[in-house]
Each structure stands twice: as C-alpha cells, then as structure tokens.
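The values are calculated or read from the model by the stated rules, or taken from the named source; none is laboratory data. Since this is a predicted model, take the numbers as computed values, not measurements. Virtual Cβ from ideal backbone geometry, glycine too; neighbours counted across all protein chains shown. Accessible surface areas use protein heavy atoms only, side chains included; no ligands, DNA or RNA. Shrake-Rupley method; radii C 1.70, N 1.55, O 1.52, S 1.80 Å.
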Amino acid sequence: MLYILGRRRRDVKLPLHFSSPGNLDYNARPAFYWPSMSPTAQTLPRVAVIGGGPAGLMAAEVLAAGGAQVDVFDAMPSVARKFLLAGKGGMNITHSEPYADFVRRYGARSGEVGAWLDAFGPEAVREWIHGLGIDTFVGSSGRVFPADMKAAPLLRAWLHRLREAGVRFHMRQRWLGWEGDALRFATPEGERLVQADAVLLALGGASWPRLGSDGAWVPLLAARSVEVAPLVPANCGFDVDWTAHFSEKHAGAPLTTVAIGYQDREGRRARRQGQFVVTQTGIEGSLVYAISSVLRDQVAARGETTIWLDLVPDLDAARVRAEVLRPRGARSMSSHLQSRLGIRGVKAGLLRECLAQADYLDEDTLAAAIKALPVRLKRPRPIAEAISSAGGVRFEALDAQGMLRAVPGVFVAGEMLDWEAPTGGYLLTACFASGRAAAQEALRYAGRRVES
Ligand SMILES: Cc1cc2nc3c(=O)[nH]c(=O)nc-3n(C[C@H](O)[C@H](O)[C@H](O)COP(=O)(O)OP(=O)(O)OC[C@H]3O[C@@H](n4cnc5c(N)ncnc54)[C@H](O)[C@@H]3O)c2cc1C
C-alpha cells in the first residue's frame, strides 16, 4: 500500500512522520495523516538522516545538539552493522601518528578530508569516545583501539545518548529516491513519503552489502545529475589464479615475514614489509590492503600488474646468493633452501608456483627470485569482499557548504563520498569528521528554511 503524506498539499512543507524510536506505526494512520504538533516542535528544523552508520550517527548527534528534530532512517533492522563487524576483528578507531602524516593517508583527497579533520581529528575522536565512558589505548602499531577492542559497548552508549538527545530511529526504511520534493521509502508496510527541511545522506559505500551499504543509491543520485565516480574495491585482496595444486596445498597459509616490492604511483619501485595470507584464488591481508589502491589502479590501467615478493626480507641479496650457491652435496634444492634460508611450506611453494622450472634450477636466477619473486595480480577481489570502497559522490558535485549542487537541501557524508584511505582507523575517523561537517551545514540550511 502506498502511503502518501500531504499529496493534496504539495506546496506546504510537511513534518516528518512522528513515531516512537524503532516502532513505526503509521500503517494504522490515515493515508493523508498530518500529525498535530506543539508550537515548539513546529519551529524546529527537521532533518532526515538516511543511513545509520558511523557518519550518519555522528551527523545525528551534531544536528540534535544544534536543536534540530532528527530522524534517522536505515534500510536494516538495526543501525551501524558494519561498525559492529569492524569491532569483531579488533576495531582501529583512529591512529596516533603525527597529524600531518595522518592527513596524507587520504592521498589525492587530503585537502578535502583534511578540512573535516581540522575540525574533528584523531585527538578529538579519542576525546569523544572517552566522553561516552569508553577508554582507548594505543597499540604497538600506533593504531588507537577502544577498550576491549570492541564496538558494541561504544555503540550502545552512543545510541543511548542519541535517544536521550531526542534522535528518533526508523528501521527497515529503504530510501528509494524522491517523488517531487519528498523522500521515498520502502517500508514493511508499503511505500511512504517523507519531507524534511534538510536531508543528510550517509549511505556508505558498497563493500559487505549484506550489512546494509550496497551502493544501490548510485543510480538514484545519478538520475538527479549528481556526479558519482564508480564504486570500486579498496583495502581489498587480489586474484592471482593459482594452479589447483598450489591452491589446494597452500590456501589459508600466512606469510608473516615477507615484503612486497611494487611500482608506486610515480612509477618508482617501492617496498613494504608486513604480513598477508595466500587464499584459494590469490592474496589478501594487511600488507596487501595497504598498497591495494595503487595495485587496483594499475590493474585497471594495464589489465594486470606485477608485485615482487621478498621471501627473506631480513637477509640481503648477497647473503641469499651466497647461501643458494653454497655446495649442497646430494641434497635437493628445496631441502637446501630450507636448511640454509628457512624457506619452506608456502614460501617454497611460491617459488615453485611462480618460477619456470629452468629458472628454479638456475642458481643465480633462483637467488634473485627469492628476493624479488614476480607474482602477477589479475584482478582485485569483488567489492562485496573489500573492507571499504573507493569512488562515490564526487567532491565537485558539492558546493562550498558540502551541499549537492544538483539537489539543494541534500548533504552527503561518510564513505559514499569519493575518498579512500588505508585501514588503521583512517576510515572511521574521516566518516565521523565528515558526518560532523555535513551536519553543521545541514543545520544552517534547515534553520534558514524554518526562518523563511
Ligand atoms: C570487516 C570490516 C572491518 C573494518 N574495520 C575497520 C577499522 O578497524 N577501522 C576503520 O576505520 N574502518 C574499518 N572498516 C570500515 C568502516 O566500517 C567503514 O568505513 C564505515 O562503517 C563507513 O561508515 P558510513 O557511515 O559511511 O557507512 P556504513 O557504515 O556503511 O553505513 C551506511 C548505512 O546506510 C544504510 N543504507 C544504505 N543504503 C540505504 C538505503 N537505500 N536506505 C536506507 N539506508 C541505507 C546501511 O544500512 C548502513 O547502515 C571496516 C569495514 C569492514 C567491512
């Protein structure tokens, strides 16, 4: 059934549908219901936040503190599912490195993201968490974690505070775009139209779609002439197309002491040490994610790209060569490599997998390959598996106040904007900061609408 609020009075601004948090009951109301409001409520600017992830919730907090009537709509049965999942793996909420280094992590978008962070940066994020009664600590990598490394206690305290501030939550409300000026939602009871003085979209990217952010908003905004860069995987793994023999034997094997050589964006040879895992089809893990944006762009430009594995990063090339060339008597090359260089298991398998037989048997070539084993990456893993996504609403689609040029009164925050960052707390920090920045502008806009 289609419920249309105020269809008879299109020229009149309509209030958001009033309901208790999480318990919409408009099915029982007449189709053209227009709730009576107290004089005070009528003068409050009404802001609809669509998307209850970290960016949307942070926006709701700022809007409510600024005196708006805030209604949060989300397609899922509960808010912040990705945030909760992030907490299961030990959530990095921000990072303790020097601020200038922190801002550089946003690459080509450091300027725009830096402007949000100047107002609400990593230190402010920590203080904000402490204000929720949750301690934080800095790990050995410099990453900042909430106490217990969990998201659930933080989210519980945050939602409690938001409800106390008057924020109302409407779950299972899938935004479908607009009908005229009104927002269209699919709900369990049928379609519904909602109007507000300002709208804040915080719909996320397209990774892990089963947690709510599925990128279905892209055509909705494109239809309103909003420029959107295609959503692509970020912080993702890659397919190598291993042979069946290698993948059966080594899928799931971690490489804990390894470095990856790769070509950086300027075409220079770069190198990074860390850890990753061999998967059924390729590679994934923190070291791969850290350089995944440059590798992804190379694959897009060239069809595939090559990385060079250093299987013994703690030994220099001369030492490796000397060990390989050392007389080995009747021993096989693989047991020689195991005893002299500790190369066994998945590392030994990689040499066999990625080197031609003739190269494996040539000691000079083998020694060089142990320090720089070429591995060809065919494609990034699908966006649904990525930690985050790149692309989204282009900054050029926003005016100086962060409002969509093509759709006045609509502001955008979080991962659905066209920026990306590595893992390590940079994603959440920018989502929080952009939620605050967009909310402040939405508040001003909605305030002016109410006054006029
Ligand atoms: C496994 C995993 C681990 C992670 N770990 C970390 C970490 O440790 N540190 C870090 O900084 N980041 C981490 N991230 C990334 C971080 O969780 C995201 O960047 C962040 O959640 C994005 O926030 P957001 O508010 O922009 O969007 P989201 O959190 O994606 O929220 C968007 C919301 O919009 C709703 N929505 C979408 N479409 C509609 C629609 N049409 N109608 C109504 N509602 C809709 C969704 O249901 C969802 O609730 C991790 C991500 C994953 C997947």
Inset, instruction - Of the numbered conditions (1) within 14 Å of the ligand (Cβ to nearest atom); (2) at pLDDT 95 or above; (3) open to solvent by less than 20 Å² (accessible area, probe 1.4 Å), GLY87 fails exactly one; give the number of that condition. - result: (2)
Inset, instruction - Give the range 55-84 a look and list any residue that's within 12 Å of the ligand (Cβ to nearest atom), open to solvent by 20 Å² or more (accessible area, probe 1.4 Å) and in a helix (DSSP H, G or I), or say none. - result: ARG81, LYS82, LEU84
Legend entry - Any pair with Cβ under 8 angstrom, 6 or more apart, that starts in the range 325-339 at a residue that is over 13 Å from GLY349 (Cα atoms) and ends at one that is at pLDDT below 95 and surrounded by 15 or more Cβ atoms within 10 Å (Cβ to Cβ): HIS336/ARG328
Legend entry - Residue in the range 358-371 that is within 20 Å of PHE276 (Cβ to Cβ), among the hydrophobic types (A, V, I, L, M, F, W, C) and under 36 Å from the mean Cα position of the chain (by Cα) present: yes
Inset, instruction - Could you tell me which numbered condition PHE411 fails, if it satisfies all but one of (1) of a type in the set (Phe, Trp, Tyr); (2) within 22 Å of the chain's Cα centre (by Cα); (3) away from the ligand (no atom under 16 Å from the Cβ)? - result: (3)
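Please verify whether PRO188 is more than 9 Å from the ligand (Cβ to nearest atom), without any contact (Cβ under 8 Å) to a residue 24 or more places away in the chain and either in contact with a Cys (Cβ under 7 Å, 6 or more places away or on another chain) or under 20 Å from ARG394 (Cα atoms) (or both), treating the condition exactly as stated. Step through it out loud before you land on a result.
Working: more than 9 Å from the ligand (Cβ to nearest atom): yes; without any contact (Cβ under 8 Å) to a residue 24 or more places away in the chain: yes; either in contact with a Cys (Cβ under 7 Å, 6 or more places away or on another chain) or under 20 Å from ARG394 (Cα atoms) (or both): no.
No: the conditions fail for PRO188.
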Legend entry - Residues (buried (at least 18 other Cβ atoms within 10 Å of the Cβ) and either farther than 21 Å from GLU420 by Cβ or away from the ligand (no atom under 15 Å from the Cβ) (or both)) located in the range 113-127: GLY114, ARG126
Legend entry - Members of the range 414-452 that are more than 8 Å from the ligand (Cβ to nearest atom) and among the charged types (D, E, K, R): ASP418, GLU420, ARG436, GLU441, ARG444, ARG448, ARG449, GLU451
Inset, instruction - Could you check ARG448 against (1) at pLDDT below 95; (2) open to solvent by less than 40 Å² (accessible area, probe 1.4 Å); (3) not in a loop (DSSP other than H, G, I, E, B) and say which number it fails? - result: (2)
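Here is a yes/no grid of residues against (1) open to solvent by less than 60 Å² (accessible area, probe 1.4 Å); (2) under 22 Å from ARG81 (Cβ atoms):
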site: LEU155; (1), (2): yes, yes
site: ARG161; (1), (2): no, yes
site: VAL167; (1), (2): yes, yes
site: ARG172; (1), (2): no, yes
site: GLY180; (1), (2): yes, no
site: LEU183; (1), (2): yes, yes
Legend entry - Search result, residues across the range 381-408 that are within 15 Å of the ligand (Cβ to nearest atom) and assigned to a strand (DSSP E or B): SER388, SER389, ALA390, GLY391, GLY392, VAL393
Inset, instruction - Within the range 90-112, work out how many residues are part of a helix (DSSP H, G or I), open to solvent by 30 Å² or more (accessible area, probe 1.4 Å) and small (Gly, Ala, Ser). - result: 4
Legend entry - Unique match (being in a strand (DSSP E or B) and either touching a helix residue (DSSP H, G or I) at 6+ places or on another chain (Cβ under 8 Å) or surrounded by 18 or more Cβ atoms within 10 Å (Cβ to Cβ) (or both)) among PHE411, PHE432: PHE411
Legend entry - Test: residue in the range 193-213 that is surrounded by fewer than 17 Cβ atoms within 10 Å (Cβ to Cβ), away from the ligand (no atom under 16 Å from the Cβ) and either modelled with pLDDT under 95 or assigned to a strand (DSSP E or B) (or both): no
